[in-house]
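The values are calculated or read from the model by the stated rules, or taken from the named source; none is laboratory data. Note that the structure is a prediction, hence the values are computed from the model and not measured. Heads up, the Cβs are rebuilt from the backbone with ideal geometry, glycines too, and the neighbour counts pull from every protein chain shown.
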Amino acid sequence: MVGNWNEQDVPEQQGRIAVVTGGNAGLGFETARVLAARGATVILAVRDVEKGRQAARRMTGNLHVQALDLSSLVSIRAAAADLRSAHPRIDLLVNNAGVMYTPKQTTADGFELQFGTNHLGHFAFTGLLLECLLPVPGSRVVTVSSTGHRIQAAIHFDDLQFERSYSRMAAYGQSKLANLMFTYELQRRLAASGTTVAVAAHPGVSNTELVRNLPAALRHPVKWLAPLLTQKAEMGALPTLRAATDPSVAGGQYYGPGGLGEIRGFPKLVSSSRDSHDLVTQKRLWAISEELTGVTFSV
């Protein structure tokens, strides 16, 4: 049993190809930084290419930048086509990028922004890249969820896009619950392949720019309490890095901070909500996600 697992425990990654969505800032930056330092070729899949280039210059290793806007299916398809052409063999896909507690907005395709970006965008991106992962022994898809998957969280099949009424927290909770359900259903589908596995992680409460969309009433208290209630992005990225690289990880597992309430601490195997394991809901969500994105999986 590993104790205080940290970035020094990340195995050598020489020869591996890793794609990290949102790799230019916060948790994604720290994830990409460590993978590149350990020898992986890392592709920062980011919405703002210039910010991606600036981030790459702050890292050491073999880094590339790929334009990817997860709120646009056109962009997702274009990015996946570019990556399939440039990197037909991918060892690791880290679905990290996300938005949190945004005001009511829609994606380019008319989806509620948090569900469309956090879940549907990564669902489509993964499906379009899966052919590059399946032939690679030891390949992994790591999707970043949140403790928010427990808060006001349900899959609102009667109003997936929150068109009738909108709650920032409920929409975020739905998107993060969907991330876990996607991981568990994907793992079941991958099990027969014997090569690729799907794993989930969450960062606890990390001090990143995601909190910029908190309601005004919460923003000021959170700013002052942040040093006590949050951990730095370097620590928040550790569960993702462990899920991505620890040789003992198995498909369908979920990693998060080991401290009280999974708020802070070194990464360990954790459990997710009872709702996240509902097989009927997982399968229904998968079918609707295929229908909405037009992306079907080969497993």
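General remarks:
- Only residues that are out of contact with any strand residue (DSSP E or B) (no Cβ under 9 Å at 6 or more places or on another chain), under 20 Å from TRP286 (Cα atoms), of a type outside the set (Val, Ile, Thr) and surrounded by 14 or more Cβ atoms within 10 Å (Cβ to Cβ) were counted in the stretch 153-175, giving 5.
- Of all residues in the stretch 255-285, exactly one satisfies the criterion of being assigned to a helix (DSSP H, G or I) and under 17 Å from the mean Cα position of the chain (by Cα), namely SER276.
- The residues of the stretch 110-160 that are farther than 21 Å from GLN253 by Cα, without any contact (Cβ under 8 Å) to a residue 60 or more places away in the chain and touching a Leu at 6+ places or on another chain (Cβ under 6 Å), listed by number, are THR117, GLY121.
- Going through (1) surrounded by 23 or more Cβ atoms within 10 Å (Cβ to Cβ); (2) among the aliphatic types (A, V, I, L, M); (3) over 27 Å from GLY173 (Cβ atoms) one by one, LEU93 falls short only on (3).
- Applying a threshold of 8 Å to beta carbon distances and a minimum spacing of six or more residues, or different chains, the list of pairs starting in the stretch 247-260 at a residue that is over 17 Å from GLU7 (Cβ atoms) and ending at one that is of a type in the set (S, T, N, Q) reads GLY251/GLN187; GLY252/THR183; GLY252/GLN187; TYR254/SER145; TYR254/THR183; TYR254/SER271; TYR254/SER272.
- From the list THR293, THR240, the one residue that fits, being surrounded by 20 or more Cβ atoms within 10 Å (Cβ to Cβ) and either among the acidic types (Asp, Glu) or in contact with a strand residue (DSSP E or B) (Cβ under 8 Å, 6 or more places away or on another chain) (or both), is THR240.
- For the stretch 1-26, a residue qualifies if it is assigned to a loop (DSSP other than H, G, I, E, B) and free of Cβ contacts under 8 Å to residues at least 24 places away in the same chain, and exactly one does: MET1.
- Count of the stretch 64-102 residues which are touching a helix residue (DSSP H, G or I) at 6+ places or on another chain (Cβ under 6 Å), outside any strand (DSSP E or B) and either farther than 30 Å from PRO137 by Cα or among the β-branched types (Val, Ile, Thr) (or both): 7
- Of the residues examined, VAL49 is not one that is among the aliphatic types (A, V, I, L, M), closer than 18 Å to GLN13 by Cα and modelled with pLDDT of 95 or more.
- For the stretch 257-299, a residue qualifies if it is among the aliphatic types (A, V, I, L, M) and at pLDDT below 95, and the qualifying residues are LEU260, ILE263, VAL299.
- Where VAL42 falls short, out of the listed (1) farther than 16 Å from ASN96 by Cβ; (2) touching a Gly at 6+ places or on another chain (Cβ under 8 Å); (3) not small (Gly, Ala, Ser): (1)
- Among the residues making up the stretch 103-153, those that are farther than 21 Å from VAL270 by Cα and assigned to a strand (DSSP E or B) are THR106, GLU112.
- Residues of the stretch 27-44 classified as free of Cβ contacts under 8 Å to residues at least 60 places away in the same chain and touching a helix residue (DSSP H, G or I) at 6+ places or on another chain (Cβ under 6 Å), total: 2
- The set of residues in the stretch 240-299 being among the basic types (Lys, Arg) and either in contact with a helix residue (DSSP H, G or I) (Cβ under 7 Å, 6 or more places away or on another chain) or over 17 Å from VAL142 (Cα atoms) (or both) consists of ARG264, ARG274, LYS283, ARG284.
- If you filter the stretch 180-196 down to residues that are farther than 15 Å from PHE123 by Cα and of a type in the set (Val, Ile, Thr), you find that the one that is modelled with the highest pLDDT is THR196.
- Residue count for the stretch 27-51 under the criterion of being among the acidic types (Asp, Glu) and in a helix (DSSP H, G or I): the result is 2.
- Subset of the stretch 35-56 (residues that are under 19 Å from the mean Cα position of the chain (by Cα) and under 17 Å from ILE17 (Cβ atoms)): LEU35, ALA36, ALA40, THR41, VAL42, ILE43, LEU44, ALA45, VAL46, GLY52
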